[in-house]
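Below is one structure; the comments refer to it alone.
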Amino acid sequence: MSHWLKLITLLLVAWCVMATTHECGHLVGGWVSGGTLHHAELRPWHLPHSLFVPDPRPLVTLWCGPVLGVVVPVGVALVVRSGSVWKRPAWFIADFCLLANGLYLAASWISGDRFLDTPRLLAAGAWPSAIGAYCAVTIGLGYPRFRAQIRGHLL
């Protein structure tokens, strides 16, 4: 398989993992905080979303998406054994999720679209400094790691 085909395949898998773990994080957060699921869309080729009515703790529901969207893929990459053929792809996906979740919160903050996570977090009372710190850490760690992953797959 060519390097380009491997890279494109990994990017598609990474997108699906990121979209699914992020949205499943919202689902877990909503259920844990006592929300009632009204609607959910998990297909990664659509804009995944979920709606809890009522949502007694929207900050929990909203924060669980980007937090679990990073923790789950990184956790999986950490437990894949060193000699395994899956080690490198697992870290590629984890680094993509790290960068993508941070970029998503930053971009949704800039866009101001009321249906995206950051404006909803702010409306629910999240501290802008907490969102900024999340974006700084995930983008700051994710960008150089993911860039190195891309270079490693193209060389």
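The values are calculated or read from the model by the stated rules, or taken from the named source; none is laboratory data. Since the model is a prediction, treat every value here as computed from it, not as a measurement. All Cβ positions, glycine included, derive from the backbone under ideal geometry; neighbour counts span all protein chains shown. The accessibility values were calculated without ligands, DNA or RNA, using every heavy atom of the protein model including side chains. Shrake-Rupley method; radii C 1.70, N 1.55, O 1.52, S 1.80 Å.
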Considering only PHE52, VAL85, TRP4, whose Cα is most displaced toward the positive end of the charge dipole of segment 1-144, charges sitting on Cβ of Lys, Arg (+1) and Asp, Glu (-1)? VAL85
Heavy-atom accessible area of the chain with neighbours in place, 1.4 angstrom probe: carbon+sulfur share in percent works out to 72 percent
Report, in degrees rounded to the nearest 10, the 0 to 90 angle that the Cα long axis of helix 87-111 makes with the longest principal axis of the chain. 40 degrees
Averaged per residue, what accessible area in Å² does segment 25-106 show with a 1.4 Å probe, protein chains only? 52 Å²
If contacts are Cα pairs under 8 angstrom and at least 6 residues apart, what is the relative contact order of the chain in percent? 24 percent
Which order do the peptides 82-89, 31-38, 10-17 come out in when sorted by mean C-beta neighbours inside 10 angstrom, highest first? 10-17, 31-38, 82-89
How far is the Cα center of segment 12-83 from the Cα center of segment 107-155, in Å? 15 Å
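If you wrap the chain's Cα atoms in a convex hull and average its projection over all directions, what's the area in nm²?
Projected area, direction-averaged: 9.6 nm².
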With only Lys, Arg, Asp and Glu charged, each at its Cβ (+1 for the first two, -1 for the last two), find how big the charge dipole of segment 71-155 is about the Cα centre; round to the nearest 20 debye. 340 debye
Run the helix sum for the chain: -39,500 (n - 2.57) per DSSP H stretch of 4+ residues, divided by residue count, reported at 222 nm to the nearest 500 deg cm²/dmol. -25000 deg cm²/dmol
